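Scroll down for the structure; my scribbles are underneath it.
The values are calculated or read from the model by the stated rules, or taken from the named source; none is laboratory data. This structure is a prediction, so every number in the text was calculated from the model and none was measured. Glycine also receives a Cβ, built like all others from the backbone with ideal geometry; neighbour counts cover every protein chain displayed. Please note that ligands, DNA and RNA were not included when accessible areas were found on the heavy atoms of the full protein model with its side chains. Shrake-Rupley method; radii C 1.70, N 1.55, O 1.52, S 1.80 Å.
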Amino acid sequence: MRLQLMTWMEVEAYLKRDRGIIIPIGSTEQHGPIGLIGTDAICPEVIADRAAEELGCVVGPTLSIGMAQHHLAFPGSIALRPTTLIAVIKDTVLSLARNGFERFYFLNGHGGNIPTTAAAFSEIHAERSLNPGLGRPAVRCKLASWFAFQSVSTLCKELYGDRDGHHATASEVAVTQFAYPEHIKSVPMDPAPPRPRPFYDADDYRSIHPDGRIAADSFLATPEAGGRLVAASATAVIEDYRAFMAEV
Ligand code: NI
């Protein structure tokens with residue numbers, strides 16, 4: 001159930017029997033010659049929807065803009081500053097907590113979001129630690145990345161080995177091809193060279209990785225592989241979400 005497609009009365013009824021929500025979180029940034037700009041938001045959104053069908057839980061609006069400053073030299077990329085993303089996550093969680101939601105399972109699609117999201121959670125959890133008299137139930141936030149479950153990384157290895165790469169990976173492109181087959185792109189490209197050195201800002205990144213990929217052979221992506229990855233990740237999310245909701 002997508003929150004965006006529910007009425008307030010339906011949400012109120014849901015809160016009488018359940019207090020959990022999955023919130024997809026991603027980024028809006030270039031993903032090489034064939035990867036969609038929305039890749040990092042689309043992947044967790046699709047997997048969250050699939051998992052929620054079985055869990056019967058609500059999926060919140062995707063937080064689709066994240067930590068993308070490295071990509072700003074490529075058109076279409078949008079970046080928040082870390083402090084902005086912290087504020088967005090905090091206000092989103094506290095709004096929904098005001099309504100009665102208590103457990104927030106963020107399903108992430110972008111490795112660069114992880115430190116900032118962890119900082120936002122620390123801010124949220126500190127609110128109650130610093131103000132014990134808040135008078136509302138404790139809020140708990142958990143972060144999981146769709147690609148980081150053991151079963152998913154094993155499948156990525158099996159499908160692509162080292163050619164999956166680090167950015168614009170074949171596996172994430174495959175998931176978007178499965179989700180949006182009408183938007184599959186085809187651009188000739190060579191195998192990506194290995195990552196030569198770290199980068200620091202957007203111009204630095206583009207000078208090292210001129211087509212946007214990092215060591216990733218995105219052209220190996222297929223919608224069939226994407227379907228397998230979505231299924232594997234959704235299965236892992238279902239188990240992980242249930243364990244989170246069962247925590248005492
Ligand atoms: Ni990505």
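Quick notes
- The heavy atoms of SER145 offer some 10 square angstrom of accessible surface to a 1.4 angstrom probe.
- Placing +1 on the Cβ of every Lys and Arg and -1 on the Cβ of every Asp and Glu, with no other charges, gives region 3-246 a dipole of roughly 700 debye about its Cα centre.
- For the chain, with +1 on Lys and Arg beta carbons and -1 on Asp and Glu, the positive-most of ILE86, ALA51, PHE149 along the dipole: ILE86
- Expressed as a fraction of 2.2 N^0.38 Å, the value expected for a compact globular protein of N residues, the C-alpha radius of gyration of the chain is 1.04.
- Straight-line reach from LYS16: taking Cα to Cα under 27 Å and skipping same-chain neighbours fewer than 8 places apart, the lysines in range are LYS90, LYS142.
- Within region 86-137: Cβ-based charge dipole about Cα centre, in debye rounded to nearest 20 (Lys, Arg +1; Asp, Glu -1): 120 debye
- Percent carbon-and-sulfur accessible area, the chain, ignoring ligands, DNA and RNA, probe 1.4 Å: 55 percent
- Rounded to 5, the percent of DSSP beta bridges in the chain classed as antiparallel: 15 percent
- Sorting SER186, SER95 on solvent-accessible area from highest to lowest, probe radius 1.4 Å, gives SER186, SER95.
- Accessible area of region 192-234 divided out per residue, in Å², using a probe of 1.4 angstrom: 48 Å²
- Legend: residues VAL139, VAL248, sorted from most to least accessible area (1.4 Å probe; ligands, DNA and RNA excluded), read VAL248, VAL139.
- Considering only ALA221, LEU107, GLY20, the residue lying farthest towards the positive end of the dipole of region 3-246 is GLY20, judged by Cα position with unit charges set on Cβ.
- Sparsely packed GluC sites (Glu not before Pro) within region 87-159, loop by DSSP, other Cβ within 10 Å at most 16: none
- Distance from region 39-60 to region 172-248 (C-alpha centre basis), Å: 16 Å
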